[in-house]
1. Once amide H atoms are built 1.01 Å from N in the peptide plane, which residues 5 or more positions from ILE108, or in another chain, come under 5 Å H to H?
2. Which FRET efficiency, nearest 0.05, do THR751 and LEU307 yield, Cβ-Cβ r, R0 25 Å?
3. Over segment 567-717, what percent of the accessible surface lies on carbon and sulfur atoms, probe 1.4 Å?
4. Which residue, GLY673, ALA655, ALA705, has the largest displacement toward the positive end of the dipole of segment 644-722 when charges sit on each Cβ (Lys, Arg +1; Asp, Glu -1)?
5. Would you work out what percent of the accessible area of segment 286-356, with all protein chains in place, is carbon or sulfur (probe 1.4 Å)?
6. Any idea which of GLY604, GLN559, TYR513 is furthest toward the positive side of the dipole for segment 499-627, if Lys and Arg beta-carbons carry +1 and Asp and Glu beta-carbons -1?
7. When the Karplus curve 6.51 cos²θ - 1.76 cosθ + 1.60 is applied with θ = phi - 60°, which whole-Hz ³J(HN,Hα) does each residue of segment 300-313 get, with x for Gly and Pro?
8. Would you mind working out the accessible area per residue for segment 426-494, using a 1.4 Å probe, and quoting it in Å²?
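The values are calculated or read from the model by the stated rules, or taken from the named source; none is laboratory data. Worth saying up front: this structure is predicted, and the values here are computed from it rather than measured. No Cβ is skipped: glycine too gets one built from the backbone with ideal geometry, and neighbour counts run over all protein chains shown. To get the accessible areas, we keep the full protein, side chains included, count just its heavy atoms, and leave off ligands, DNA and RNA. Shrake-Rupley method; radii C 1.70, N 1.55, O 1.52, S 1.80 Å.
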Amino acid sequence: MKYIIAFLISFVFILSSNAQRPSKKVETFKLLGQVIDDKGEPLPYVAIALFHVKDSSYAKGTATEMNGKFSLDISAGNYYAKISFLSFEDKTINGINISNKDVDLKKIQLKPSMLSLDEFELVEEKKLMELDLDKRVFNVDKDITNQGANASEILDNVPSVAVDVEGNVSLRGSENVRILINGKPSGLTGISTADALKQLQGNQIEKIEVITNPSSRYDAEGEVGIINIILKRDKREGINGVVNLDVGYPSNYGGGFNLTMKKKNFNVFTGYGIKYNNSPGSSNSIQEFTYPDTSFSYTSNTTMERLSLNHNFRLGTEVYLNPYNSFIVSGQYTFGDGDNENNLTYADFNEFDINTQKLNRQEIEDKDRSSYDLSFNYRKTFKQKDRLLTFDVQQSENIDNESSTISQKNESDALDNLEQRAYNDEGSTNWLFQTDYVHPIFNGKIEFGLKSTLKEVVDDYGVEEFNDSISVWEFIDGYKNKVIYDENIYAGYLMFGNKVKKFSYQFGVRVEYSDIKSDFETTNEVNNRNYLNLFPSTHFSYELNKDNSLQLGYSRRIQRPRHWWLLPFFSYTDSRSVFTGNPNLNPEFTDSYELGHLKYWKKGSILSSVYYRYTTNVIERITFSDGEGITRRLPLNIGITNSYGTEFSGSYQLAKWWDLRGSFNFYREITDGDYNGVDYNSDAMVWSTRLNSKWAIKKKVNVQASFNYNAPQNSPQGKNKARYSLDIGASMDVLKGNGTISLNAKDIFNTRKRRSIAYGEYFTSESEMQWRSRFIRLSFTYRINQKKKRGGDRNFNDFDDGGGEG
């Protein structure tokens, strides 16, 4: 470990020191001015960009302050400036000659644009979905129904992404997707991604990047790609921010703020959020067992109530050492607790369908969670355009402790009553070291990097039952262990990309060495997995014209078993339906191909794609039953899968006051699997769609409706039935545009449920589950020193928060 760290630091030091020779201090002068409108009033937040006359290359930029004034430190030379601001005509100032003194441009007046505000909103709507060579970007804060939502709810509104009733995220129908925050793994998602996304408040999210065919720059983890959540950080001069409050029913309360203070050479950003939720839910199932010598069945009905209180803090600073060197130091801390109650009723029936007994099982669970991320990000640019060096270090920890008491009572036989208790204390520690370098060459650019991610997860669990005869708590056989899981991934990559007129191409290869160890201390079992893999990628893009472009991409992916898939114990809430892990799982490997076309026109845009995935060592959750009616579900490597499909995402302005957005995804997934001589084959043709309609009323009021539908899907052991839901929201600007009041209702018809049928040797099962019933929420947002965003902010100093992994 120490040699790896030393090598990375040495690598960065050598590049930095070579790049900075000779280290003369460049003398700079000030470029001053003030931007005003046609009435002489100062204009804040106007983008000022300075370019070299000789080659039109970008030199520096800033934004005006609240009084319309700006100041730039710039070296001697000949420049021209471009000044731009929403609803005003762009202005170019030529002949800026800086030699041996400061230059004052004095007052610069902008003329109002002839375009109406509605037309500007149309232009920005095009940018709701942005296409890059290897990713799509969705600006989610424009969605009214996202107001007051958490990250899980926001993701469920993103095209290509779906979130099931338990909070599990899938991309194009597969849950094997990697989720990042600001381009890096986070301690927040270190243990349970579903729980973590519910803790992250939506008011902190700026945009979502969906990368369905990642290049070699990114980790190879994730069968179907990467979802990158970008958190907000205002980039304008002065003090800016947003304060929000939420109230909803059932009990749903929250609030928070995001603030940024930006000066010339540094900025400080901070945020806080608090959220209290009461999430009632329910489930029911029918289990039928038919053995050669007997048959029986039972029903189960569960009501759930989950109370949670979560806090989230963010604090960081960005410092510009000089025009070429800057760094960010930041941290995030999340903590919370939850109280869950599950009331489960079993009703048993014999082969004649006669009720033989009824049992009531109650579990009271207490959860305590906390996590933090600390990161250092260094960025160095050069005089040579597009040359870049970055170095990142991140440390994170996550703690998730659960304890519960379980009481089971038999209505007809008191001797069958049980008292049980369970605990599951889990914690993870993660380190990340990464460096990336981009160098222009042969009219293109070469890029390479190194990365190490080191993870340790400790899981200590046990289930005890009270022995009445001796008045002692005793562990249930097979339900006591302590697992130490170590996952160390060492990676390097090399890429070359270029653009020749309208044609762009990118070739890359990534190598990853996986060193994984699972140590089961109580049972004295050790499981080691070590493998070295190459992951090539290619991407091509062609601009047919300014409104049409084509993409073609290929990448090889890996899906390592998640650590909770390896644990022998998941939950004991339902003692008749047990979920367990499998320490002998092998990783999945996927070859992914995709062809896409993006079309813009005056009133809309559409992105269409066709894709194909070939996966080996497919991991599928398989259910088995025993003669007592106990079902056990565990993940297994069963075979191969071929998946191919087509997807459409687009937007269109039907009228100045009416905008439509929608997506449609259809795919066929053919699984050829077997385990212990039993075939687990399936042929699933699945489609899903979502439609979003937004109406503007007198520019200050917006109404929005969003409909989602997921068609039935076959699996190797059954079928998931159709699922659909409707959300409605409305917003109104108040306080002269500084505030917004939003009202939204989720799942209007209370139909967002998971309904499934499963069958196996000697059993069939039909179930329905609703993780959370419909709810309504009222939100208020107040903006500090900023009007409601109707166009994209521009800033030329800050570096991209998105980016990717190295």
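1. GLN34, VAL35, ILE36
2. On the way: r = 24 Å, r/R0 = 0.98.
The computed FRET efficiency comes out at 0.55.
3. On the way: 3940 of 6910 Å².
The nonpolar share, carbon plus sulfur, comes to 57 percent.
4. With unit charges placed on the Cβ atoms, the residue in question is ALA655.
5. Details: 2030 of 3470 Å².
Summing carbon and sulfur atoms, their accessible area is 59 percent of the total for segment 286-356.
6. The residue sitting farthest along the positive end of the dipole is GLY604.
7. Per residue, the Karplus-derived 3J(HN,Hα) values read 9, 10, 10, 10, 10, 9, 10, 9, 9, 10, 10, 10, 9, 10 Hz.
8. Working: 3000 Å² over 69 residues.
Per residue, segment 426-494 has an accessible area of 43 Å².
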